[in-house]
Each structure stands twice: as structure tokens, then as C-alpha cells.
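In what follows, a single structure is set out as C-alpha cells and then discussed.
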Amino acid sequence: MGKKLDLKVLAVLTALVLIAGSVAMYGYSGTEVGKGISEGEGKGIISLMPPPFIGVAGAAEAMGGNAFPKDEAGIAAYVNVGKSINITEAVKAFTQTEELSQTHAIGIVPIDNKRGMINVHVYVDTGGYVVAYFKNTEPASKIIKWSGMDFNNPKIEDFITNAAIKEMCAKIDVYYLDIKDDIKYYDFEYPDAKKMVIFLNARSSGGDEYSHISIPGRYRLYEASYSLISDTRDRNYLYVDGKRIASAWEGLTTGTYDPGDVLTRGNPHTIKLSVAGRGGVGSILIYKEG
């Protein structure tokens, strides 16, 4: 049995309610918000904003056509580094190049995620854009970075996508810390989605941790996904309302909750992390209000 924890009501505006046991929220700036969450940039909710090159006057379009594969992409982090990118140098960051032209390139950048490498797709163009993304067949929770995580005090310092941007910056002579705060996020799979919220539970020893969530019926929930990790030779479990959703043994597993059957809107739900050795779970909601 895990220790009993006092529950605190955490509100996003007056609608999205999270009641957390040992929960850390990720804010836009990467700061920990402890056991609280508040509305606004840098305080636990990330705004999803379409990049300029999706519009009429996009950087890639100016070069003769929008080369970014928006019909294949899902959750993404993007930034303009403020200068033209040398494509020849950029492809040196790839372990595999999927597209290459004089004005853009797309390839794979592998990032360590504690229990194995995660392949991130990265797009670059001569207009200065770097976009790190997962495909729309992959859950948004794949962006959660467990490497460097303190399971006693869980917080996300950076996303997997951001780590891929950092790797690219090293090849194109851009100082990552200069552009880190300019990184923005978008989900190409759900262009109408406006926000993303992430919450974590973790333990460094055996026991249970709980999160309680209620999603108002007036919210439009596009995707709810999870990232479950076991950092020891033990099996950890993820439950929602007593129903086993996933397990992880000495590794990482990601997937989606079924919003029609599991995380239904308008009803309270209990998410339980059951840890045998050491591990954690992160959940991501992609949504808009109203």
C-alpha cells in the first residue's frame, strides 16, 4: 500500500479540475509548479499555436512550396533560429535522411529517453525553421523526457522534441539557450486544439500514487495519452478507475486513453500508478475550451 496523501484541488480556470497526490506540472518555461496549476503561459498549460509557415506567407512557401509534411505530423515543437540554415550541415544531425532538397531536409534524430532511444523527426529549411515532431500515428505523450528525471521530485526540464532541436542547433552553429525560450508547440493532427496540459506521478520505491481528474463536458478533448516507465527490473502498472490500462517492465510504454470509454468527459476519474521498484507515468491532454 502506498502512503496516503492529502488531496489538493487544482483548477484550470474554473473548469478543468485535477486533484493530485504527488503531481508535477510542466509549464511553458520548464519551471516546476509543484502541486498546483494555474492558467497562463509558464504555469502548467501550454498554448498550441500554428507556426507561420502553415499560413500564406510561410518560410518554406517563399522558397517555392511548403515542404513541411503537415498531413503526417502530430505533436511538434518548432522555432525559427533567426538566420538561414545550411542544409548540408543540418543533415549531419540525422542518423537517417528522409527528404533532402536545396531548401529543406527531413530526417531522424535519436534522443536518449532513459530506457532506450526515441526517434524524432526533424524538419529544417533555409528560412531558419527547425521543427521536431512525432507522426500523427504516435501519441503526444512520446514527448515526455524521462532522462534526468528525479523520481522523488518529478518535473520535466525539457521535452524529447526540444532535445532534438538542441541536437540540431549543435550542427548548424546555433547556441540552443539563445533560442530555447522561443520554442512553441502545435499539434498538426488536431489543428483546432488550443492547449496541452501535462501532469506527472512518480515514485523511487514501491507503492501507489494517484491523480484525480474531471474533464468538463463542454471541453473538446482531442487526445489523452500516457507515458509509463519502469526504471528497474520490476513491472509497473497504470490504472484508471480500477481498470488496468498498461504495464511497463524495465522499459517505457506509451499509448492513448480511450476518451469514449476510459477518460470520459463530465465524470471524475482516478488515475493510479502502481510501482514495484522505481518509475512514473505522465499524462497529456490535448483540448480546447468550449
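Highest mean first, what order results for 115-127, 181-193, 278-290 on Cβ atoms within 10 Å?
278-290, 115-127, 181-193
Its Cα centre serving as origin, segment 131-290 has a Cβ charge dipole (Lys and Arg +1, Asp and Glu -1) of approximately 320 debye.
Which order, highest average first, do 256-268, 202-214 follow once you tally other Cβ atoms within 10 Å for each residue and take the mean per peptide?
202-214, 256-268
Under 14 Å of direct C-alpha separation, and excluding same-chain neighbours fewer than eight residues apart, residue 142 reaches these aspartates and glutamates: 112, 158, 187, 223. Remark: segment 241-257, residue by residue, has Karplus-estimated 3J(HN,Hα) of 6, x, 8, 6, 9, 7, 9, 9, 10, 6, x, 10, 9, 10, x, 10, 7 Hz, where x stands for each Gly or Pro and the curve is 6.51 cos²θ - 1.76 cosθ + 1.60 at θ = phi - 60°. Working note: Karplus 6.51/-1.76/1.60 with θ = phi - 60° gives segment 78-92 the couplings 9, 7, 9, 7, x, 7, 5, 9, 6, 4, 4, 6, 4, 5, 5 Hz, where Gly and Pro are set to x.
No value in this document is a laboratory result; all are computed from the given coordinates. Worth saying up front: this structure is predicted, and the values here are computed from it rather than measured. Methodologically, a virtual Cβ is constructed for each residue, glycine included, from the backbone with ideal geometry; neighbour enumeration extends over all protein chains shown.
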